[in-house]
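Student: One structure is given below, represented as structure tokens, and several questions about it will come after.
Coordinate-derived values only; no laboratory data. Predicted, not measured: the structure shown is a model, and the values here were computed from it. Positions of Cβ are generated from backbone atoms using ideal geometry, with glycine treated the same way; all protein chains shown enter the neighbour counts.
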Amino acid sequence: MATLARASGTLGISKGPATDPAAIAGGPDPAITVEGVCKTFRLPDHRRSTLKERAMHPFRRIPETEIVAARDLSFRIERGEFFGIVGRNGSGKSTLLKLLTGIYQPDAGRIRVVGRVSPLIELGVGFNHEMAARDNMLLSGALLGLTRSEALRRLDETLEFAGLESYRELQLKNYSSGMLTRLAFSIAIHVDADVLLLDEVLAVGDAGFQEKCYETFLSLKREGKTIVLVTHDMAAVRRFGDRALMLENGDILAIGDPNLVSERYRDTVGMEPGEETEHPAATNRFGDGAADIRDVWMEDDGGKRARTFKPGGQLRICAEISFTEPLQEPPLVFVVRSEDGRNVFSASTEPAFVEGLDFDAGDRILVRMRFENYLGVGSYDVTACVAHRDRPQWADARRDVSSFSIRGDGWSGAVVDLPHQFEIERMGSR
Amino acid sequence: MNDVEPRTDFQRAVGLTVTLAITDFKQRYYGNAFGYFWTLAKPLLLFGVLYVAFTVILDIGDTVKDYPQMIITGLVLYNYFSETTGQGLGCLVGNESLIRKVPMPLLVLPLAIALRSFFTLALNLIAVFFFLKLGGVHATWAWLEFPLLLGVLLIYSTALGAFLANLYVPFRDASAIWEIVLQLLFWTSAIIYPIETVPQSLRDWIMLNPLAVIIVQSRHVLIDPNALSATEAMSDPAMIAVPIGIVIASVVGAALLYRRVTPRIAEQL
């Protein structure tokens, strides 16, 4: 018989510190303990959905399909850990998260979660679009376990974080999708939970929003919060994860160091385009093969190949390209992306390509693109592309094919350090 | 900011219920100048129709003391019952996306509907007391019994609504069936006819229904002390045990259900 710590009462939003002495004492208890948890879904091949149908054919058996979503899972997540759960679609990772939140009950086994939980299965659940942001924030707060006064106290801070201070009384139906996402995320991280359970939240929103999410995760982590993230994004798991777990058909295939789990993920799943935001390049490659970007590297002012540079000066992105089909004036594109995946700088030969520079099959070229190095301290990836002039199609495109970093003192915290000068004039005095 | 007080699960559930009910109530009448008018419109309109039908056309009303007051009281109480159970029925299926994505005690959903309907009932009762005043009905000590009757009505309707919500998950024709049952209950709950006009044999059947008991007794305590009380309407006062038993059974049943079965039912949504 299943025993679930959370279900000890009929009303179980989450276990508060008051009901768990260990949480107050800050004892050695892990934040989450999972012991022998099993969960199987039996889905009837078709649903008998009316009383009439049941009455007409009382003994008809409907064949069922059995799906094992969790097969005797046991693991612990320590306090303050950033824990990634990865696996391909249908591997059981979302079910596991729903078991952890208490939305699903295990068929067998025990789950114990210490501290207040903020589940974020989907952004903006429970939003009522007919109502103002303010009312929705109170409602969402209540869903996440806050009282009205606690939710009221958080209004300003939450709106400020989302950058929506002036839209407090606006009905949500007038919000853009980006605004909705920011509001929902902001609500979720402002409930002061000890444990955050997140499902693919980063799949939504633009790059700027994603970066804000990452920053928030880091600061929450610094505050000692436990964060569990279900994701496809191995890069995020490697960057933030203390540990990771990989599921496959409801089994734990690997658990531990994010890099090792990530390797395992790569071996098992292979990489699916668009799901992996890091190198290595092999599968981060698109195009019809009319061109072949054989190598991409970085050089300093003096033409010396390197991977680490000082701030300032000039840098060169170099590429060796061969052609397997004749191409006329193919646009060449280099993109420099920051570590978090934002495009910092993009350079294309279009429309300034040297006229008449056409290539035949078998031609090989060396491309050098020189630029002023205004990049701030940090790591960068280089994407190189060769396109067809006459149609929107890549001849070859290699995402994040090379990487380099800028190291030096005087970190400004900015992605670029543009040349600038101050002008200060006295306007007189009183 | 970390000012979240340690709180029991029960307190959290209560907070959530209240917030859901207020939000829902606000939404219905949000920015609507006639908000209060609309809450009253339904019972008042029905009252008007029935009143005209039975006093002007059928000429029954004149023979019954305080007939309009009796109808409006019964209607408002019935309205609460039908709203709470009818909407309670859909509360699990209708909140599927919420249930699948936010962990919460599911009992909160029918409770919030019951509370929201109660806001409407409270507003309607203001109109009822206005009518009583208009009809020259005076407050008596017996009125003190009315809150108790209201309490029973609240608990019974909520439990029934919560129970029906479970039934509706596997049986999607339950809503059509319940609509018919509500119709039946409307005509058998002594709302538009005084209970004393019903032959005793039929009366005993009617008085098995807790809703009828509440309505008959409300008339007795609020409007006309000379009208039959619930137990007087029965051939044997001990029969009151049956409607009381039904109320208790529905409450216990709903509580057990939400403890054991409902969380799993929610997975089938």
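Student: Quick check on segment B:185-240: what does the Kirkwood estimate of hydrodynamic radius come out to from the alpha carbon pairs, in Å?
Tutor: It works out to 10.8 Å.
Student: Another question, if that's okay. If the viscosity is 1.306 mPa s and the temperature 10 °C, what Stokes-Einstein diffusion coefficient in µm²/s follows for chain A when Rh is the Kirkwood radius over Cα pairs?
Tutor: The estimated diffusion coefficient comes to 63 µm²/s.
Student: I'd like the distance separating the alpha-carbon centroids of segment A:379-430 and segment B:198-255, in whole Å.
Tutor: Computed from Cα coordinates, the inter-centre distance equals 80 Å.
Student: Hey, fewest Cβ within 10 Å first, where do A:Ser338, A:Ser177 land in order?
Tutor: A:Ser177, A:Ser338
Student: Let me ask something else. Using Cα pairs under 8 angstrom and six or more residues apart, how large is the relative contact order of chain A, in percent?
Tutor: Dividing the mean separation by the residue count of chain A yields 14 percent.
Student: Could you calculate the contour length gain from A:Thr65 to A:Phe41, that is, 0.36 nm times the residue separation minus the distance between their Cα atoms, to one decimal place in nm?
Tutor: Taking 0.36 nm per residue and subtracting the Cα distance, the gain is 7.8 nm.
Student: I need the P(r) histogram for chain B: all alpha carbon pairs, bin width 10 Å from 0 out to the longest distance, whole percents.
Tutor: Percent of pairs per bin, in order: 6, 27, 33, 22, 9, 2, 0.
Student: Would you mind ranking A:Phe185, A:Phe127 so that the residue whose beta carbon has the fewest other beta carbons within 10 Å leads the list?
Tutor: So the residues, fewest neighbours to most, are A:Phe127, A:Phe185.
Student: Right, another one. Quick query: amide H of A:Ala70 versus all other amide H atoms, modeled in the peptide plane; which residues come in under 5 Å with a sequence gap of 5 or more or a different chain?
Tutor: Counting only residues 5 or more places away or on other chains, the set is A:Lys39.
Student: Tell me the label-point distance for the pair B:Leu125, A:Glu325, using the 7 Å Cα-to-Cβ offset, in nm and rounded to one decimal.
Tutor: Modelled inter-label distance: 7.9 nm.
Student: Turning to a different aspect of this structure: Report the one residue of B:Ala41, B:Leu134, B:Phe186 whose Cα lies farthest in the direction of the positive end of the charge dipole of segment B:12-268 (charges on C-beta: Lys and Arg +1, Asp and Glu -1; origin at the Cα centre).
Tutor: B:Ala41
Student: Still on this structure: Where does each of A:Met137, A:Met298 land when they are ranked from fewest to most other beta-carbon atoms within 10 angstrom?
Tutor: Going from least to most buried by this count: A:Met298, A:Met137.
Student: Cα to Cα, under 19 Å, and not fewer than 8 places away if on the same chain: which lysines meet these conditions relative to A:Lys212?
Tutor: Within the straight-line limit of under 19 Å, A:Lys212 reaches these lysines: A:Lys221, A:Lys225.
Student: Under a point-charge model restricted to the Cβ atoms of Lys and Arg (+1) and Asp and Glu (-1), what is the dipole moment magnitude of chain A relative to its Cα centre, in debye to the nearest 20?
Tutor: That gives chain A a dipole magnitude of about 1760 debye.
Student: Taking chain A as the reference, fit the longest principal axis to its C-alpha atoms, fit the long axis of helix A:148-162 to the helix C-alpha atoms, and give the angle between the two in degrees, 0 to 90, nearest 10.
Tutor: For A:148-162 against chain A, the angle is about 10 degrees.
Student: Continuing with this model, one more query. Could you work out the mean count of beta carbons from other protein chains within 10 Å of each residue's beta carbon in B:172-180?
Tutor: Counting Cβ atoms of other protein chains within 10 Å of each residue's Cβ and averaging gives 2.
Student: Right, something else. In terms of modelled amide H atoms, which long-range or inter-chain residues lie less than 5 Å from the amide H of A:Tyr104?
Tutor: A:Leu99
Student: One quarter of the convex hull surface, Cα atoms only: what value does that give for segment A:130-261 in nm²?
Tutor: Over every viewing direction, the Cα hull of segment A:130-261 projects on average to 9.0 nm².
Student: What is the helix-to-structure angle for B:108-134, meaning the angle in degrees between its Cα long axis and the longest Cα principal axis of chain B, kept from 0 to 90 and rounded to the nearest 10?
Tutor: 30 degrees
Student: Run the reach check for A:Lys98 against aspartates and glutamates, Cα to Cα strictly under 18 Å, same-chain hits fewer than 8 apart removed. What comes back?
Tutor: Here the aspartates and glutamates satisfying the reach criterion relative to A:Lys98 are A:Glu35, A:Asp72, A:Asp107, A:Glu122, A:Asp194, A:Asp199, A:Glu200, A:Glu248, A:Asp251, B:Glu96, B:Glu267.
Student: If you take the charge dipole of segment B:12-268 about its Cα centre, with +1 on Lys and Arg Cβ and -1 on Asp and Glu Cβ, which of B:Tyr29, B:Phe54, B:Asn95 is farthest toward its positive end?
Tutor: Projecting each Cα onto the dipole axis, the largest value belongs to B:Asn95.
Student: For segment A:297-330, which chymotrypsin sites (Phe, Trp or Tyr not before Pro) are both in a DSSP coil and crowded by at most 16 other Cβ atoms within 10 Å?
Tutor: Sparse-neighbourhood loop chymotrypsin sites (Phe, Trp or Tyr not before Pro): none present.
Student: I've got another one for you. With the dipole of the protein assembly as shown worked out from charges on the C-beta (+1 for Lys and Arg, -1 for Asp and Glu) around the Cα centre, which of A:Met56, A:Val125, A:Gly312 lies farthest toward the positive end?
Tutor: The listed residue farthest towards the positive side: A:Met56.
Student: A follow-up question, please. Determine the shielding of peptide A:119-125 by partner chains: average, over its residues, the number of Cβ atoms on other chains within 10 angstrom of each Cβ.
Tutor: Across A:119-125, the average partner-chain Cβ count within 10 Å equals 3.
Student: Work out the FRET efficiency for A:Glu263 and B:Val252 from their Cβ-Cβ distance, taking R0 = 45 Å, and round it to the nearest 0.05.
Tutor: Working from the Cβ atoms, E equals 0.20.
Student: Rounded to the nearest 0.05, what FRET efficiency do B:Ser201 and B:Glu96 give with R0 = 60 Å and r taken as the Cβ-Cβ distance? Could you check?
Tutor: Efficiency computed from Cβ-Cβ geometry: 0.85.
Student: Follow-up. So which of B:Lys65/B:Lys133; A:Lys93/A:Lys173; A:Lys173/B:Lys101 end up more than 23 Å apart, counting from Cα to Cα?
Tutor: Over 23 Å Cα-Cα: A:Lys93/A:Lys173.
Student: Okay, next question. Compute the helix-to-body angle for B:174-187: its Cα long axis versus the longest principal axis of chain B, expressed 0 to 90° and rounded to tens.
Tutor: Between the helix axis and the principal axis of chain B, the angle is about 20 degrees.
Student: Just the number, please: percent antiparallel of the DSSP beta bridges in the protein assembly as shown, rounded to the nearest 5.
Tutor: 75 percent
Student: Still on this structure, I have one more. If I model a spin label at A:Glu130 and A:Ser219 as a point 7 Å from the Cα along the Cα→Cβ vector, what separation in nanometres do I get?
Tutor: 3.6 nm
Student: Peptide B:158-171: average number of partner chain Cβ atoms within 10 Å per residue?
Tutor: 1
Student: At 0.36 nm per residue, and after removing the present C-alpha to C-alpha distance, how many nm does the segment from A:Glu122 to A:Glu423 gain when stretched out fully?
Tutor: This chain segment gains 103.5 nm when fully extended.
Student: How long is the gain from A:Arg389 to A:Glu169 if the chain were fully straight, where each residue apart is worth 0.36 nm and the alpha carbon distance is subtracted?
Tutor: That works out to 74.2 nm of additional length.
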